[in-house]
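The numbers here are math on the coordinates, done by the rules we state, and not lab data. What you see is a predicted model; the values in this text were computed from it and never measured. Note: ideal-geometry Cβ built from the backbone for every residue, glycine included; neighbour counts use all protein chains shown.
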Amino acid sequence: MTRCAWFHCFSGIAGDMALGSLIDAGADGDAVLAMLNQLDLADWELTFEPVLRGGLAGIKARVVAHETHVHRTATDIAAMIEKAQLPSRVTKRALATFWALAEVEGRMHNQPPEQVHFHEVGAIDSIIDIVGTCAALESLDIDEIWASAITTGTGTTQAAHGEIPVPAPATVGLLVGVPTRGTEVPFELTTPTGAALLVANATGWGPMPAMQIEASGFGAGDRDLEGRPNMTQVIVGTTTEVTTPGHPVTLLEVNVDDATGETLAHTVTCCLEAGAHDAWITPIVGKKGRPAHVVSALCDPTQTTALAEVLTAETGSLGVRGQTLERWTAARQMDTVEVEGHTIGVKVTAGRAKIEHDDAARVAKQLGLPLREVVTRAEAAWRS
């Protein structure tokens with residue numbers, strides 16, 4: 001079982017909203033403050049205030065800082081985090097968040113990420129929001145982070161360099177490839193800080209994964225919005241091994257007693273290429289005691305005719321039998337990892353990873369390595 005936090009970003013997400021939601025869900029505020037006090041930052045205060053937004057109760061994480069016009073580079077912030085005596089997952093998640101921000105800012109300003117000078121993000125409140133959120137995740141012992149589609153506003157907002165569009169360019173850059181939906185709300189619903197926390201650390205996106213719910217919380221933004229609560233919701237629990245609703249499939253079979261092994265193997269390949277969910281061969285004893293084989297293919301009902309034609313054409317059989325079955329499948333997500341610059345797919349089910357064999361075999365051939373070594377490296381990369 002895996003400890004999981006799912007962020008429901010129905011009104012966007014910002015760093016303070018993420019932190020507030022986790023505190024509302026039961027994260028230990030004192031433990032969070034103790035971790036934040038390890039950072040080399042002075043003259044700041046963090047409070048967790050119960051508030052209402054659109055009639056919903058939640059927590060507003062409020063940072064009061066007294067420094068002005070301090071522009072830190074990504075390297076400065078990374079050094080500060082690495083120097084602090086923080087739990088390894090807190091350090092890893094916080095660094096990943098800041099480097100995600102540095103990379104997108106670097107692309108926007110044609111600078112190497114390590115040389116990017118942060119303005120808003122380099123201020124104490126943003127550092128506290130990011131590291132504090134990572135500390136709150138640690139307090140709740142969260143292994144995986146999931147998130148809904150990200151909601152954004154519209155219009156313009158003020159930044160260090162003047163008026164910029166909403167969603168902010170950095171936010172848009174971070175959300176490339178992430179499910180996102182816009183609204184007519186004339187405010188910045190999702191900030192670069194909030195987007196980076198999820199983009200850098202989320203396992204996946206979409207509806208809440210199957211879990212045994214243990215707690216939930218709401219983190220409040222600064223203002224009240226018309227028609228919606230200015231909140232981010234988090235739901236915390238333990239993932240469960242459940243199945244998706246059953247759906248009908250067709251099982252097609254032919255008995256073959258005069259085909260070579262090569263022909264049988266080729267038939268299975270043709271069935272899979274034609275869209276079968278699965279195909280296999282079962283040895284049997286046929287009439288008159290003759291050894292034979294059953295070639296089976298499992299497919300969607302809409303593919304029945306096409307797969308039946310493949311089976312008859314490849315095996316020479318004069319008939320195909322079929323039956324409709326109900327199929328249940330475990331809830332799963334697809335992820336990827338890198339092994340020496342090569343991408344390998346990973347199928348994730350209830351916190352367990354299964355390396356995609358074909359990808360691993362391709363990479364093993366390209367790198368000249370044993371398949372088992374590539375699989376071991378891919379599994380280690382996914383766990384890290």
So, with points 7 Å from each Cα along the Cβ direction, the THR329-THR157 label distance in nm works out to 3.8
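Within a Cβ distance under 12 Å of ASN37, other residues only, what is the Lys/Arg minus Asp/Glu net charge?
Details: positive: none; negative: ASP30, ASP40, GLU45.
Charge balance in the 12 Å sphere: -3.
Full-extension gain between ILE164 and TRP280, please, as 0.36 nm times their residue separation minus the C-alpha to C-alpha distance. Could the numbers behind the result be given before it?
Details: separation 116, 0.36 × 116 = 41.76 nm, distance 5.80 nm.
Taking 0.36 nm per residue and subtracting the Cα distance, the gain is 36.0 nm.
By how many nm would the segment from ASP141 to HIS357 grow when fully extended, if each residue of separation counts as 0.36 nm and the alpha-carbon distance is taken off?
Numbers: separation 216, 0.36 × 216 = 77.76 nm, distance 3.14 nm.
That pair, ASP141 and HIS357, stretches by 74.6 nm at full extension.
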Test of understanding: ordering ILE235, ILE164, ILE127 by Cβ neighbours within 10 Å, fewest first, what list do you get? ILE164, ILE235, ILE127
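Between GLU338 and GLU309, what length comes free when the chain is fully extended (0.36 nm per residue of separation minus the Cα-Cα distance, one decimal in nm)? All intermediate terms of the calculation are to be shown ahead of the outcome.
On the way: separation 29, 0.36 × 29 = 10.44 nm, distance 3.96 nm.
Stretched fully, the GLU338-GLU309 segment lengthens by 6.5 nm.
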Top mean-square fluctuation among ILE213, ILE59, ILE145, Gaussian network model of the chain, C-alpha springs under 10 Å? ILE213
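Tell me the GluC sites (Glu not before Pro) within region 159-215 that lie in a loop according to DSSP and have at most 14 other beta-carbon atoms within 10 Å. Can you show the working numbers first?
On the way: sites: GLU163, GLU184, GLU188, GLU214; in loops: GLU184, GLU188.
Those satisfying the criteria are GLU184.
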Per the C-alpha gyration tensor (a ≥ b ≥ c, the square roots of its eigenvalues), region 3-239 is rounded if a/c is under 1.5, else prolate if a/b beats b/c, else oblate; here it's rounded
Cα atoms only, region 333-383: Rg and Dmax in Å? 9.9, 32
Check the straight Cα-Cα distances from LYS365 and name the aspartates and glutamates below 20 Å, setting aside those fewer than 8 residues away within the same chain. GLU338, GLU340, GLU356, GLU373, GLU379
GNM top mover of PRO167, PRO50, PRO291 - the chain, alpha-carbon springs below 10 Å: PRO291
